[in-house]
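The values are calculated or read from the model by the stated rules, or taken from the named source; none is laboratory data. Since we're looking at a predicted model, the values are computed, not measured. So basically every Cβ, Gly included, is an ideal-geometry build from the backbone, and we count neighbours across all protein chains shown. Remember, those area values only see protein heavy atoms, side chains included, never the ligands or the DNA or RNA. Shrake-Rupley method; radii C 1.70, N 1.55, O 1.52, S 1.80 Å.
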Amino acid sequence: HLCAMQAWGSSGLLELDDARGFLALVTPFVEAHPEVTGLEFTREDGAELFVLVEEGSFAIRQIGVDNEADARGRVQAVWSRFRNGKRVERWTESTGYTPFNRPWFKSALALDNPREIFWTEPYEFFTTKLPGITASTRYLHRGSNWVVGVDVSLLSISEFTTSLKV
């Protein structure tokens, strides 16, 4: 599914300013994989569209590159909450989030082969503060490198592995 997101991005189907379109593409994937807690779509300059999977809704954070950091290193993020494909809430937030120090972003950009997938070590997700891992890869579109990532909850992995029969 990460490769599908990579193909969507390189073909131009994913746009940073089209949260509703991105959500329409990824919803079937998220519904089929309850272990997924988030999806990232990030350009090498730090512009990002992030989908946070919530119970019964999706919250989408958009950060643009024209959004310069203030003296404290914070930028404005625009959040939208969607239920049943419709936006039900919108707000802005000043955040210290940046993809540049996130392991999934740095490592995916450094991959020699865009067919490779980088898996992080377990770490604390910035937004939810929950432990998880991220699978990420990169692709080229319109002369820029992009990174797509899928966040997976460690709690979900633990529940899955404890249910396995040997």
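Looking at the range 19-34, which of its residues are of a type outside the set (A, V, I, L, M, F, W, C), open to solvent by 60 Å² or more (accessible area, probe 1.4 Å) and without any contact (Cβ under 8 Å) to a residue 12 or more places away in the chain? It would help to see each step written out before you state the result.
Narrowing the range 19-34 to residues of a type outside the set (A, V, I, L, M, F, W, C): 20-21, 27-28, 31, 33-34.
Then keep just the ones that are open to solvent by 60 Å² or more (accessible area, probe 1.4 Å); that gives 20, 28, 31, 34.
Those that are of a type outside the set (A, V, I, L, M, F, W, C), open to solvent by 60 Å² or more (accessible area, probe 1.4 Å) and without any contact (Cβ under 8 Å) to a residue 12 or more places away in the chain: Pro28, Glu31.
Inspection of the range 35-57 identifies no residue that is open to solvent by 20 Å² or more (accessible area, probe 1.4 Å), in a loop (DSSP other than H, G, I, E, B), in contact with a Leu (Cβ under 6 Å, 6 or more places away or on another chain) and aliphatic (A, V, I, L, M).
Let's see how each residue does on (1) hydrophobic (A, V, I, L, M, F, W, C); (2) within 20 Å of Phe125 (Cα to Cα); (3) at pLDDT 90 or above:
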| site | (1), (2), (3) |
| --- | --- |
| Leu2 | yes, yes, no |
| Glu55 | no, yes, no |
| Ala71 | yes, no, no |
| Arg81 | no, yes, yes |
| Arg87 | no, no, yes |
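Of all residue pairs spaced 6 or more apart or on separate chains, those with beta-carbon atoms under 6 Å, a first member in the range 41-59 that is of a type outside the set (Asp, Glu) and a second member that is open to solvent by less than 10 Å² (accessible area, probe 1.4 Å) and in a loop (DSSP other than H, G, I, E, B) are Phe41/Leu14. Looking across the range 76-100, the residues that are touching a residue at least 60 places away in the same chain (Cβ under 8 Å) and open to solvent by 40 Å² or more (accessible area, probe 1.4 Å) come down to Gly85, Arg87. Of all residues in the range 101-113, exactly one satisfies the criterion of being in contact (Cβ under 8 Å) with a residue 60 or more places away in the chain and either open to solvent by 40 Å² or more (accessible area, probe 1.4 Å) or within 12 Å of Val75 (Cα to Cα) (or both), namely Leu109. Counting the residues of the range 1-18 that are open to solvent by less than 70 Å² (accessible area, probe 1.4 Å) and of a type in the set (Ser, Thr, Tyr) gives 1.
Scanning the range 10-34 for residues that are of a type in the set (A, V, I, L, M, F, W, C) and outside any helix (DSSP H, G or I) turns up Leu13, Leu14, Leu16.
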